[in-house]
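Colleague: Okay, here's the structure, questions in a sec.
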Amino acid sequence: PELKTEFYNLRGTNAFDVALGTSVINGDLVDPQFEIYSHFGYKRYLTPHLALDFGYHKFNLAYIDQYNEGFMSFDINIELLLSPHQRFSPFIFMGAGYNASNHFKETANKLQGGAGLECVVSNQFAVKLYTDYNYVGSDTLDGLEAGGGDDTYFRIAFGVNFYFGGADVKAKRVKGNATVIETNSLTDDKNRPKL
């Protein structure tokens, strides 16, 4: 089988990522307002398709003329890159995190999931657009306990991935594949005519 190594040329086994976008709450009050959202994180690829993603997120959640509070979250996700050997690839992710308001006045565990699109614009550098849905294990995220369920929020952002690493992994894979090809040679040296 053909050995695919484009992932290591285009991307890498590690990445730092930063993003900027907007966040919006779905809670107990009316007239939610889009607010600022920023993120930075680190990814470690276990395979070209699968990564562990550790992220810090800073954002505000607000309602028009009623409520505006700063929050942060610390998230761990499993991310699936659907076309790792192509420049353009969709990705999906899901995981768990810890949500906290400024000065940790309000804290709660949460679950999140999302999807996005990534485009490698030059080797080891990619741009991405993504969104996530966050389910918080608390109904007081907006300062009001009401309604039948816990509060949630969405985030959408544009960001960049800075990839690095992977040269050693690629070299080992190429060397290992060459060894396999040599051991599976179609010619038999014993039957070759002597020169």
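Colleague: Give, as a single signed number, the net charge of other residues whose beta carbon lies under 14 Å from the beta carbon of LEU50, with Lys and Arg counted +1 and Asp and Glu -1.
Modeller: Values: positive: ARG11, LYS43, ARG44; negative: ASP53, GLU79.
Within the 14 Å Cβ shell, the charges total +1.
Colleague: Taking all protein chains in place and a 1.4 Å probe, what share, in percent, of the accessible surface of the stretch 86-141 do carbon and sulfur account for?
Modeller: The C+S portion of the solvent-accessible surface of the stretch 86-141 is 65 percent.
Colleague: Calculate, for VAL169 and ALA115, the FRET efficiency according to 1/(1 + (r/R0)^6) with r their C-beta to C-beta distance and R0 25 Å; round to the nearest 0.05.
Modeller: 0.40
Colleague: While we're here: First measure r as the distance between the Cβ atoms of HIS85 and THR22, then evaluate 1/(1 + (r/R0)^6) with R0 = 25 Å and state the FRET efficiency to the nearest 0.05.
Modeller: The calculated FRET efficiency here is 0.20.
The values are calculated or read from the model by the stated rules, or taken from the named source; none is laboratory data. Quick caveat, the model's predicted, so the values are computed rather than measured. When we count neighbours, we look across all protein chains shown, and the Cβ atoms used for this are built from the backbone with ideal geometry, even at glycine. Surface accessibility is based on the protein's heavy atoms, side chains included, excluding ligands, DNA and RNA. Shrake-Rupley method; radii C 1.70, N 1.55, O 1.52, S 1.80 Å.
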